[in-house]
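Values quoted throughout were computed directly from the atomic coordinates according to the rules given, and no laboratory measurement underlies them. As the structure is a computational prediction, the values presented were derived from the model and not from experiment. A quick note on method: Cβ atoms are made from the backbone with ideal geometry, for glycine too, and the neighbour counts reach across all protein chains shown.
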Amino acid sequence: MIQLRNLMLQYGERFILRDATASIGNKDRIGLVGSNGAGKTTLLKILADQEEPDSGFVDKANYVTIGYLPQDGIIAAGKSLYQEAESAFENTLTLTSKIDEASTLLHSLNTDSKDYYEILELIGTWERELENHDVEKLPYRIESVLHGLGFEQSDMKKQTSEFSGGWQMRIAIAKLLLASPSLLLLDEPTNHLDIISQHWLENYLKRYEGAVLVVSHDRAFLDELCKQTFEITQGNLNVYQGGYSCFEKQSKIRKDQLIRSFKSQQKEIERTEKFIDRFRYKASKASQVQSRIKALDKIERIEIENEENSIAFSFPPAPRSGQTIMELENLCKSYGDLKVIENATIRIERGDRLAMVGANGAGKSTLAKVIAAVEPFQSGIRKLGHNTMISYFAQHQADELDLSYTVLETLERTNSGQNTTQLRSALGAFLFHGDDVFKKTSVLSGGERNRLALAKILTQKANFLILDEPTNHLDMRSQEALQRALESYEGAFIIVSHNRAFVDRIVNKTLEVRKDGLSLFPGNVSDYLIHLEKLGNGSQPKANIASSYLSKSVSKISPRERRQKRAILVTALGPLKKRHSELETQISQLETSQELLESKMADPAFFKTSDAREAIVAHERDRIALEKNYEEWSRLSDRIAAKEQELDELG
């Protein structure tokens, strides 16, 4: 579908891309990895025609469409949420012309070629997309995507200008998914999602009809979604099969092989050079010397990739605290008439390592601020334990840095009591070396600002860390370094994070935040999700874990909420059952068509007629369509069964 050919891009003496060559197929699921600043976002921008390479080509057919989600900076205004999402369908009419163009191209291709079948599948996808763009179905599609990304029904009529930055990015994700481009380019899409919405997006992208190229620092997300990995390292673009874990293993093997080949080549070069030096002035060896000199010049020298820098640090020793770090009792927090936290009761003890989870809007970040004494509360008790010393990292801490300060000045103003040498050592641990410490914060990248914000914690003595989404903008190596530091940290901590692969290894308890209170579970987030599954008597499939994570137990909801939930479920079932019935009709028609074509093709003489080519094309197109319809029918059957079960439970 898309070919990258010998892309070159250089900033000064530094190569961002050096002879980068790869291909992207129409169904590929690709993870794009590399350290911060390696060039991942730059490659996405080149593919999205937002940046030009110095040389090389990006070859793509005219019918290929590309949707690009940057890390941040998208703001929608002037429409309601629903209207903004609906605007994703403005280009629906172009599908017809794309189908016509691709059909014309199809007739010029060999029926045995890979391109032929890819285009055939694309035509089928577009035809199904046109069918799905019926006016009756648009509201359901729009609302289902918005609900999946965490929006409530009450949000639909809200003006988009009312939504904050993270929600603005969710709106952008929704529009991209609804527009259904041939290739989705997603730069850190999970940074703005809670664990529920992330789980939904993961499953949506698995079923997505086009190709996906995603930059993410969430190992679990990449492993679950991607079947291929592109790595950018020191200008080189390396292609691996499999998700991130497979990439790690293959990358190590490749580098080990490269080192062995390099050493072997160096020995051969050394032997050749010794021969040349020894016999350079002997007439009897002149021809052999010249031959070896020419051979040496022709050798393609193997280059070893330098190990890229990564964060290496440890937290300062945690002062000894009392057994109880903090207690909350019936704590309530409101913003005006809006109740965010009610009856929050918990005791946090020395040695506790908590992952804080909860549905979107449950109040996780607000609770973290209250615990950190950054936000006041209206009623209840917040009691600090003996000698508890708190260090707090806010979700948008990097955005709160004073851009007029240098990197070093930022740490000097924390009043940590450390001298300049100690502060520069701390900054060095976060990859700010030499004159880097005199850079203005305003010129730092998002990843560099996040590292600087984390460095501020390193300089403070504390025995209770409160970290709200600390891994945003950290690459894999930096995440692993932070993970190792937290493993050896002597104090207690609470982490709010959607990155399950990061928190699972370092926490021993999971704190569930709900509107009506808190619950504490032993084990990590994966253990917590398994616990939720067991609450459903094991009947709940893995794919539906997120819905139970989002919902309160049926026994806890009021009669009014029960009626509302029933109404929502009944409303949702209508379009599902209608589509299910349509699929059954389409499947029946396709099966009949297939049988008719197969009966014709059973006669060898048929292939001598002028109708044979068209019949072959129709048979293959219908076969692909039939398979897709079977898959969708099966998924819909599961969804209908799950919603009907929820209705039964509601009574």
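Each of M169, M326 was scored by other Cβ atoms within 10 Å of its Cβ. Arranged with the fewest first, they read M326, M169.
Straight Cα distances below 17 angstrom link K440 to the lysines K456, with same-chain residues fewer than 8 positions distant left out. With a cut-off of 10 Å between beta carbons, the residues surrounding P319 carry a summed charge of +1, where Lys and Arg count +1 and Asp and Glu -1. Ranking A453, G517, H199 by Cα position along the charge dipole of the chain, where only Lys, Arg, Asp and Glu carry charges on their C-beta atoms, puts A453 farthest toward the positive end.
Cross-link candidates for K267: which aspartates and glutamates have Cα within less than 16 Å, leaving aside residues fewer than 8 places away along the same chain? By straight Cα distance, K267 reaches D277, D297, E300, E303. Which log10 I(q)/I(0) values does segment 249-298 give at q = 0.22, 0.24 Å⁻¹ under the Debye formula, counting every alpha carbon as one identical point scatterer? So the normalised log intensities are -0.75, -0.83.
Note on the chain: helix-only mean residue ellipticity at 222 nm, from DSSP H runs of 4+ residues weighted -39500 (n - 2.57) and normalised by residue number, equals -14500 deg cm²/dmol. Dividing the C-alpha radius of gyration of the chain by 2.2 N^0.38 Å, with N its residue count, gives 1.13. Restriction of the trypsin sites (Lys or Arg not before Pro) in segment 234-283 to DSSP coil positions whose beta-carbon has at most 10 other beta-carbons within 10 angstrom yields K282. Among the listed pairs K255/K285; K364/K461; K206/K577, those whose Cα-Cα separation exceeds 30 Å are K255/K285. For segment 2-244, the fraction of C-alpha pairs farther apart than 23 angstrom is 53 percent. Considering only the other residues whose Cβ falls under 14 Å of the Cβ of I640, what net charge follows from Lys and Arg at +1 and Asp and Glu at -1? Residues close to I640 contribute a combined charge of -1. Evaluating 6.51 cos²θ - 1.76 cosθ + 1.60 at θ = phi - 60° for every residue in segment 361-368, the Karplus couplings come out as x, 6, x, 5, 5, 5, 4, 4 Hz, glycine and proline recorded as x. Applied to segment 120-128, the Karplus parametrisation 6.51 cos²θ - 1.76 cosθ + 1.60 on θ = phi - 60° returns per-residue 3J(HN,Hα) values of 4, 5, 4, 4, x, 4, 5, 5, 5 Hz, with x for Gly and Pro. Amide H to amide H, with H built 1.01 Å from N, M356 comes under 5 Å of I495, V496, S497, L511, counting only residues 5 or more places away or on other chains.
The 3J(HN,Hα) values that the Karplus relation (6.51, -1.76, 1.60; θ = phi - 60°) gives for segment 229-242 are, in residue order, 10, 9, 10, 9, 9, 6, x, 8, 10, 9, 10, 10, 8, x Hz. Gly and Pro appear as x. Sparsely packed loop sites in segment 317-398 (the trypsin sites (Lys or Arg not before Pro) outside DSSP H, G, I, E and B with at most 16 other Cβ atoms within 10 Å) comprise R320.
Within 10 Å of each candidate Cβ there may be at most 15 other Cβ atoms; applying that plus a DSSP loop requirement, which GluC sites (Glu not before Pro) in segment 28-101 survive? Listed in order of number, the matching sites are E51, E90.
Find how many whole Å separate the alpha carbon centroid of segment 486-537 from the alpha carbon centroid of segment 314-377. Cα centres, segment 314-377 to segment 486-537: 14 Å. Of all lysines in the structure, the ones whose alpha carbon falls short of 17 Å from that of K249, not counting any fewer than 8 places away in one chain, are K227. The rule of thumb for compact globular proteins, 2.2 N^0.38 Å, goes into the C-alpha radius of gyration of segment 209-305 1.72 times. Of the three principal axes defined by the Cα atoms of segment 114-189, the extents in descending order read 47, 32, 17 Å.
Could you pull out every residue, at least 5 positions away or on a different chain, whose amide H is within less than 5 Å of the one on G351? Hs are placed 1.01 Å off N in the peptide plane, and Pro or chain starts have none. Hits under the 5 Å cutoff: A492.
Taking label points 7 Å from Cα along the Cα-to-Cβ direction, L520 and E591 give a separation of 5.7 nm.
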